[in-house]
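Notes to accompany the following structure.
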Amino acid sequence: MKDRFPGPKTLAALERGIPFFKNGLRFGAELKRAGQRGFRPVRQIVIDKALGDFVWDLDGRRYIDFQNGWATNPLGNCHPEILEAVDVANRRFGFHYDHPLRYDLAEMLADIMPGKALPRTNYEVSGTEAAEAAVHLALTHTKRRYIITFSSSYHGMGLATKVLSGLDAGHGTYLEGWGGGVIKAPYPYSERIPAGMSEDQYTDYCLWYLDNHIPSCIAARDNIAGILVEPGLAEGGNWIPSTRFLRGIRDICNRNDWLMISDEVLTGLGRTGRMWGIEHYGVEPDILVYGKNLSGGIAPLCGISARDEIMGDNEDFASGSTFAGMPAGCAAAIRTLQIFERDGIVEQASRLGDIAVEIMSKWESSSIVRQSRSNGLLLGVSFCKPEGTNADEKDWWTARAVRSKMLELGVWAISDHEDTIRMYPALNMEESTLRDGLQVMEEAIAYVEKHGHDEGDAPAYPAGVSGF
Ligand SMILES: Cc1ncc(COP(=O)(O)O)c(C=O)c1O
C-alpha cells in the first residue's frame, strides 16, 4: 500500500492539538470532512528532529528545510557551536539582566551596522517588541504623533505591530481604537502594478503618496515621525523593492526631517546576501530593527540600533522586557556573528542566492508561475490558478498545492494564506542540497500545472491553525 502522507504519528499529533490550540474546532472539522470525502488530509508536519539542512517528522520522514524556523536558523538547525555557547552561558549566568555578554554584543553590533552609523543598541526578546521599540523611539525623539507603514508589511503580533502591519486588514479588526497614529501607504510590488502604469510610474506614485498625499490630507508634515519600511517585504511575500523606491524614501525622510526605520528582522544578518538588506540600496537608515537570525537558531535576541543623537539621550523612550538581552540570547548572537565572520557566511548566502535565481527564473515559463523573486536567499515564487479553472478558485490554492506536493516529496517551504511560496534556506546550506530542494520544487510545479490541485489542498488548511 502506498505510504499515506502525513504519516500516522504526525496525524495523531495534529489531532491531539485540536482541543487545545487556536482554531482547533475549524481545523478538526476540515480534517473530518477531508477524511469523509476521501480527500488527502492536511499536508502538515510536526518536527521530531532537526539537524543541519534537514528536519524529520514524527513518522521519520526527512525534509530539506527551506522553512528554516521562519528564517531563524542562519547556520542550519541545531548548530553545535551555538548550542555549546548557549549552554556555557546558561551554566555560568542562568538568567540575570546585567552580564558582560551584553557589552560584548553591543560592540559587535555597532561594528556591523550600515556605515557604522548606528552605535546605540537596545535589546528585545522578539522582533515584535523590537519593531514597537523602534516606533516608540521615533515618536519620542521627534515628539511627533504619526508613523507611516506599508501595504503587505509585517512587523509582528503585538497590539501595536498588528496595527502597524499592512499584511492583513483582519489583524487590525477590533483594534481600530489603537491604530490612530499609523498611516498606511502603498508599496510598489513588482507584480501588482495598476493597469496602464509602468513599474517606474507606479514607484513614482508610491513616492508621491508619501511626500504629497499624506502631508496634504492625512497628517501634517511636521507631525510625522518617520517611515517604517522593510527592505524586502518578507512575510508579505518576499517582494523585493527597487533602488528607486528605497532611495526615494531616504530622500523624502531627509527633506522632511522624518526618520527612516529599516525593519530587518527577516532581511537582516545575511539573508539577502549582504549583512543588511538596506545595504543593497546604498542608503543608511536612522533606526534599524533586527532579530531572527541573530538567535543562531537557538536562543532569541532581537533589538534596535540607532544613531547616537536619537537614542543617546531620550528619557521618554522606554523599552526592554524582562528577558531582553538574556545571557543565552547574547551568547547565541555573539557566536553567530563570530561564525559569520570566520566562515564568510554572508558571502556564502550571496553565492547560493545567485545559484537559486538562475534556477528559479526558468520557472516563469510555467503557466501557473507568475513571478519568481529573490534577493540573496530571500526567495519567493508567486502563482496563479491554472487556466480554465472555476472563477471561485483562488490563486493561493495553487501555491498551497505546490507547497503540499513539495512537502510530500521531501521539501519544506512556507505558503501561508498567500499566493506565494517563500523559502529561506540556511545561509550555509550545502549547494547540492539547495539544488536538490529546488529540483523538487520544479517537479512539484510541473505536477500541479498538469493535474491542478485536489480539494484537499486548499480548504482543508484554514489559515492560522498551525502558523505554517
Ligand atoms: C520584518 C519583520 N518584523 C518583525 C517581525 C516580528 O518578529 P517576531 O516574530 O520575532 O516577533 C517579523 C516576523 O516575521 C518580521 O518579518
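Worth a mention:
- Yes/no for Leu167 being assigned to a loop (DSSP other than H, G, I, E, B), under 25 Å from Thr128 (Cα atoms) and not assigned by TED's automatic domain parsing to the domain that holds Met360: yes
- Number of residues in the range 307-318 that are under 18 Å from Leu105 (Cα atoms) and not basic (Lys, Arg) equals 3.
- Number of positions in the range 123-142 that are near the ligand (Cβ under 8 Å from one of its atoms) and in a helix (DSSP H, G or I): 5
- Test: residue in the range 386-406 that is assigned to a strand (DSSP E or B) and closer than 28 Å to Pro74 by Cα: no
- Single residue of the range 234-258 satisfying the filter (basic (Lys, Arg) and in contact with a helix residue (DSSP H, G or I) (Cβ under 7 Å, 6 or more places away or on another chain)) that is surrounded by the fewest Cβ atoms within 10 Å (Cβ to Cβ): Arg247
- Selection of the range 409-441 for residues being in a helix (DSSP H, G or I) and surrounded by 17 or more Cβ atoms within 10 Å (Cβ to Cβ) yields Leu409, Thr433, Leu434, Gly437, Leu438, Val440, Met441.
- Residue pairs meeting the criteria (Cβ under 6 Å; at least 6 apart or on separate chains; first without any contact (Cβ under 8 Å) to a residue 60 or more places away in the chain and aromatic (Phe, Trp, Tyr), in the range 255-275; second part of a loop (DSSP other than H, G, I, E, B) and away from the ligand (no atom under 16 Å from the Cβ)): none
- Pair list, Cβ under 8 Å, 6 or more apart: the range 97-113 residue without any contact (Cβ under 8 Å) to a residue 40 or more places away in the chain, other residue buried (at least 18 other Cβ atoms within 10 Å of the Cβ): Ala106/Thr121
- Neighbours by Cβ (under 6 Å, 6+ apart or cross-chain): first from the range 281-292, more than 9 Å from the ligand (Cβ to nearest atom); second of a type in the set (Ser, Thr, Tyr): Tyr281/Thr243; Pro285/Ser262; Leu288/Ser262; Leu288/Ser305
- Residues satisfying the stated conditions in the range 166-205, i.e. modelled with pLDDT under 95 and polar (S, T, N, Q): Thr173, Ser190, Ser198
- Inter-residue pairs, beta-carbon under 7 Å, first within 14 Å of Leu51 (Cβ to Cβ) and in the range 426-440, second among the aliphatic types (A, V, I, L, M) and at pLDDT 95 or above, 6+ apart: Ala426/Leu75; Asn428/Leu75; Asn428/Ile345; Met429/Leu352; Thr433/Ile64
- Identity of the residue in the range 143-188, within 16 Å of Gly226 (Cα to Cα) and of a type in the set (Phe, Trp, Tyr), that ends up farthest from the ligand (Cβ to nearest atom): Tyr146
- Selected residue (only one of Ile261, Ile278 is surrounded by 24 or more Cβ atoms within 10 Å (Cβ to Cβ), outside any helix (DSSP H, G or I) and either more than 16 Å from the ligand (Cβ to nearest atom) or modelled with pLDDT of 95 or more (or both)): Ile261
- Test: residue in the range 202-224 that is within 16 Å of the ligand (Cβ to nearest atom), of a type outside the set (Asp, Glu) and in a loop (DSSP other than H, G, I, E, B): no
- Strands (runs of 3 or more DSSP E) wholly inside the range 44-97 containing at least 1 residues that are among the hydroxyl-bearing types (Ser, Thr, Tyr), surrounded by fewer than 23 Cβ atoms within 10 Å (Cβ to Cβ) and touching a strand residue (DSSP E or B) at 6+ places or on another chain (Cβ under 6 Å): none
- Residues (among the basic types (Lys, Arg) and in contact (Cβ under 8 Å) with a residue 24 or more places away in the chain) located in the range 367-416: Arg370, Arg373, Lys394, Arg400, Arg403, Lys405
The values are calculated or read from the model by the stated rules, or taken from the named source; none is laboratory data. Not measured: the values here are computed from a predicted model. Don't worry about glycine lacking a Cβ; one is built from the backbone with ideal geometry, like all the others, and counts go over all protein chains shown.
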